[in-house]
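Read through the structure below, which is laid out as structure tokens, and then see the notes.
The values are calculated or read from the model by the stated rules, or taken from the named source; none is laboratory data. Bear in mind the structure is a predicted one, so any value in this text is a computation, not a measurement. Here the Cβ is made from the backbone with ideal geometry for all residues, glycine too, and neighbour counts use every protein chain on show.
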Ligand code: DP6
């Protein structure tokens, strides 16, 4: 049969954040998380299992890379399919590589979908989510569109740590304005940073303990389409995450001066009556959450913030899917 398949997956941003693992080898998160999938940022990936290859190859935006955790995802697919062929993975992001925008989530979600199809195996969205999680936990959420929740689960094999759709994007459309304050690569990867946090931050146990109640509140606020509560909870999750980072030894300081200026700009807009809320991941970019009708006003305000280099606006995006080639 076919040994080649292509898939597209969209990036996502967590409103209730994940940080820390309960099993590093199986990449099982210590806490659940809730995210929105973004339409504006996606990865297209083609996987070809080829008898002529002696090792797996990974090409990202035209350049060959270390295979890294993509090799692990391919091994899991080969094991399940009972094949022993090496694969060529050719991946393109529709956003500039190294622009400090998340790419592992869309990348591993697209890889899971394409590799599974190329190997000729049937997989449910839940199985694809578990597979994508092995590459990067945030990728488990990008299997789904709109609003998605990734469960930490309890089982030692991690098979109950998968994402599920929470709400359709169309049921409650929101926009995200990304303010780019530094286009360089981040200094410390999420994987390395969260390992250091769980080993050294005195706040880490409190973070894990408070996560289930925070997730319950976030889930309820999303299902109620309550932007004020979603925004307040998202900012709290973001600031709690960055408190963990700041109290890690050595400290993880992902913000720059423009990051802080953009936070204040968002709070200023809100004080002026505009419902807009910020969130920030393991990097210096600020993502502003608002109603689609307010996105242009939010983008022009953030463009004026000193140190903000550009903004990108997105609506909510679709689930990962195969594409015909
Ligand atoms: C701050 O999913 O990139 O964006 O599982 O080690 O690949 P690995 O980490 P990753 O971490 C994401 C961290 C975050 C919060 C989130 O997306 O939930």
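Quick look at the values:
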quantity: Checklist (1) away from the ligand (no atom under 16 Å from the Cβ); (2) in contact (Cβ under 8 Å) with a residue 24 or more places away in the chain; (3) more than 30 Å from residue 293 (Cβ to Cβ) applied to residue 162, failing item; calculated: (1)
quantity: Some residue of segment 4-11 being over 30 Å from residue 82 (Cα atoms) and either buried (at least 24 other Cβ atoms within 10 Å of the Cβ) or within 17 Å of the chain's Cα centre (by Cα) (or both); calculated: yes
quantity: Failed item in (1) surrounded by 21 or more Cβ atoms within 10 Å (Cβ to Cβ); (2) out of contact with any strand residue (DSSP E or B) (no Cβ under 6 Å at 6 or more places or on another chain), with residue 43 passing the rest; calculated: (2)
quantity: Any hit, segment 277-299, residues being part of a helix (DSSP H, G or I), at pLDDT 95 or above and buried (at least 22 other Cβ atoms within 10 Å of the Cβ); calculated: yes
quantity: Only listed residue being over 18 Å from residue 19 (Cβ atoms) and in contact (Cβ under 8 Å) with a residue 24 or more places away in the chain, chosen from 115, 139; calculated: 115
quantity: Output for segment 105-145, where each listed residue is farther than 18 Å from residue 46 by Cβ, within 10 Å of the ligand (Cβ to nearest atom) and touching a helix residue (DSSP H, G or I) at 6+ places or on another chain (Cβ under 8 Å); calculated: 105, 133, 134, 136, 138, 140, 141
quantity: Unmet criterion (only one of (1) within 22 Å of residue 277 (Cβ to Cβ); (2) more than 12 Å from the chain's Cα centre (by Cα)) for residue 141; calculated: (2)
quantity: Condition check for residue 198: touching a residue at least 12 places away in the same chain (Cβ under 8 Å), in a helix (DSSP H, G or I), surrounded by fewer than 22 Cβ atoms within 10 Å (Cβ to Cβ) and within 15 Å of the ligand (Cβ to nearest atom); calculated: yes
quantity: Among (1) under 19 Å from the mean Cα position of the chain (by Cα); (2) buried (at least 21 other Cβ atoms within 10 Å of the Cβ) - the single one residue 242 does not satisfy; calculated: (2)
quantity: Which numbered condition residue 208 misses (of (1) over 22 Å from residue 280 (Cβ atoms); (2) more than 13 Å from the ligand (Cβ to nearest atom); (3) assigned to a helix (DSSP H, G or I)); calculated: (1)
quantity: Failed item in (1) within 16 Å of the ligand (Cβ to nearest atom); (2) crowded, with 23+ Cβ neighbours inside 10 Å; (3) over 27 Å from residue 230 (Cβ atoms), with residue 76 passing the rest; calculated: (2)
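Here's the yes/no breakdown for (1) within 10 Å of the ligand (Cβ to nearest atom); (2) closer than 18 Å to residue 136 by Cα; (3) buried (at least 19 other Cβ atoms within 10 Å of the Cβ); (4) modelled with pLDDT of 95 or more:
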position	(1), (2), (3), (4)
21	yes, yes, yes, yes
25	no, yes, no, yes
31	yes, yes, yes, yes
34	yes, yes, yes, yes
54	no, no, no, yes
66	no, yes, no, yes
